[in-house]
Amino acid sequence: MRKKILHVCLSESWGGLEMAVSKWNEILQENGHYNMNICTPGSPLARDLKRKAFSVFEWDSAHYFAPDFTLKLRRLVIDKQFDVVILQNLRDLWIVSPALCKIKNVKLVGFAQMLLGIKKTDWLHRLVYTRLDHLLTLTDWQIQALMPYLPVPAYKYDTIPNFVDTEKFHPQWRDKDFRYQLGFKDEDFVIGVVGRIDKQKGQMELLKAFAKLSKTFTGTHLMIVGEPTRGEVKQEKYFEQLKHWVNQTKLDSRVHFLGFQDEPYRLFANFDLFVLPSHEETFGFVVVEAMASGTPVLGTRAGGVPEILCQGEVGFLCQAQSSQALGKALQEILENETLRVEKTEKALLRAREFYDRHKVYERFINLIS
């Protein structure tokens, strides 16, 4: 049965949370569902959705108390007869929950994209969260991490991971000419890391680990893909520290900085190893993209990453925030091609069976139906 779905996301940023809104619009529309979106005026998400020709309302709102917004939202839900309202940011519950009060035929679904450090179990939060029909997490690990902090009963939790287009992220993009354009020979071993340049993403620990093994493994290269968030001074300073460290250690010819890439699927397939050195990760979507691309993965034991890698069965794991642990794991991987191939084959199968966009869509639509 086709659904009428309203997405509410009032974020003014652009990252994984906002990208998820766009991706869910795409997969739901492909399957015949009607989508409408409410976004903050001029936000990156609003621009992205309009560029893709999705229906968008741009409404101003306070984050916690906005009676005018709430009343307008209530009228819209009733007039358009929506079946489901989806939130990617649980903060928006404060203005959405009151709008849906006593409208029992509309399901309210919230995605928990992040972790919490403060308990929200007081009577006011209980009142706001009561209207939530489903709280969807990206991993089973995240459910256990969130339950002590939120007033949501266990039966309302379900795991619906971020999904990947396994037709786009695919080993078929492996290409000698493309690697040559990037400056690599066919026999070079290219280690890639993709993500925002940020201290907690662990790029410095990876650089230090790479510096030690590069002396022994002379055909290795490290490609750092991404950039700091514009205007974030700490991230920009950290980026300068990374580049200065590379210059000081004379690794300029072995470490390559590539800025943000809109369509990184060709890069993933042309890495010989993908590394996620994060200190903490709720999910680690880039890990799934690498798995689907047929590229072996080394991740830290951070957040949901071990669950994605099946506790090391379909990838390699090491301690977080440790250049020594990263170095030891990198050496093991470089010295054992057979193990790399074995884990990569398992990872590719796992990505297609569990994280493929069509498979995740089916689980989601069955849940809300």
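Within the range 231-268, the residues that satisfy the criterion of being within 27 Å of Lys168 (Cα to Cα) and in a helix (DSSP H, G or I) are Tyr265, Arg266, Leu267, Phe268. Cβ-Cβ contacts under 6 Å between residues 6 or more apart (or on different chains), taken from a first residue in the range 15-27 that is of a type in the set (D, E, K, R) to a second residue that is part of a helix (DSSP H, G or I), are listed as Glu18/Leu45. Filtered by the rule that a residue be under 20 Å from Asn105 (Cβ atoms) and in contact (Cβ under 8 Å) with a residue 60 or more places away in the chain, the range 1-14 gives Met1, Lys3, Lys4, Ile5, Leu6, His7, Val8.
Filtered by the rule that a residue be surrounded by fewer than 16 Cβ atoms within 10 Å (Cβ to Cβ) and small (Gly, Ala, Ser), the range 15-42 gives Gly15, Gly32, Gly42.
Limited to the range 73-83, what total is found for residues that are touching a Leu at 6+ places or on another chain (Cβ under 8 Å) and either surrounded by fewer than 20 Cβ atoms within 10 Å (Cβ to Cβ) or assigned to a helix (DSSP H, G or I) (or both)? Matching residues across the range 73-83 total 4. Out of the range 281-290, which residues are in contact (Cβ under 8 Å) with a residue 40 or more places away in the chain and in contact with a Ser or Thr (Cβ under 8 Å, 6 or more places away or on another chain)? Passing the criteria: Thr282, Phe283. Being assigned to a loop (DSSP other than H, G, I, E, B) and on the phi < 0 side of the Ramachandran plot is not true of Lys102.
Take the residues in the range 144-180 that are at pLDDT 95 or above, under 20 Å from Leu28 (Cα atoms) and among the polar types (S, T, N, Q); name whichever of them is surrounded by the most Cβ atoms within 10 Å (Cβ to Cβ). Out of the qualifying residues, it is Thr166.
Return a yes/no flag: does the range 308-315 have any residue that is outside any loop (DSSP other than H, G, I, E, B) and in contact (Cβ under 8 Å) with a residue 12 or more places away in the chain.
Yes, some residue in the range 308-315 is outside any loop (DSSP other than H, G, I, E, B) and in contact (Cβ under 8 Å) with a residue 12 or more places away in the chain.
The numbered conditions (1) at pLDDT 95 or above; (2) at positive phi are all true for Gly183 except (1). Could we say that Gln319 is on the phi > 0 side of the Ramachandran plot, without any contact (Cβ under 8 Å) to a residue 60 or more places away in the chain, in contact with a strand residue (DSSP E or B) (Cβ under 9 Å, 6 or more places away or on another chain) and not assigned by TED's automatic domain parsing to the domain that holds Asp133 here? No: the conditions fail for Gln319. Considering Lys102, Lys107, Lys80, the condition of being closer than 23 Å to Met147 by Cα and more than 20 Å from the chain's Cα centre (by Cα) is satisfied by Lys107 alone.
Of the residues in the range 278-289, not one is farther than 24 Å from Gln241 by Cα, outside any helix (DSSP H, G or I), over 18 Å from the mean Cα position of the chain (by Cα) and among the β-branched types (Val, Ile, Thr).
Taking the numbered list (1) under 14 Å from Phe274 (Cα atoms); (2) assigned to a loop (DSSP other than H, G, I, E, B); (3) among the aliphatic types (A, V, I, L, M) in turn, Ile191 passes all entries but (2). Screening Leu298, Leu273, Leu251 for residues that are within 23 Å of Ser322 (Cβ to Cβ), free of Cβ contacts under 8 Å to residues at least 60 places away in the same chain and buried (at least 19 other Cβ atoms within 10 Å of the Cβ) leaves exactly one candidate, Leu298.
Looking at Leu90, Leu132, Leu116, Leu136, which one is closer than 20 Å to Phe364 by Cα, within 25 Å of the chain's Cα centre (by Cα) and modelled with pLDDT under 95?
Going through Leu90, Leu132, Leu116, Leu136 in turn, just one is closer than 20 Å to Phe364 by Cα, within 25 Å of the chain's Cα centre (by Cα) and modelled with pLDDT under 95: Leu90.
The values are calculated or read from the model by the stated rules, or taken from the named source; none is laboratory data. Every value quoted in this text rests on a predicted model; they were computed, and no experiment measured them. Every residue, glycine among them, receives a Cβ derived from its backbone with ideal geometry; neighbour counts consider all protein chains shown.
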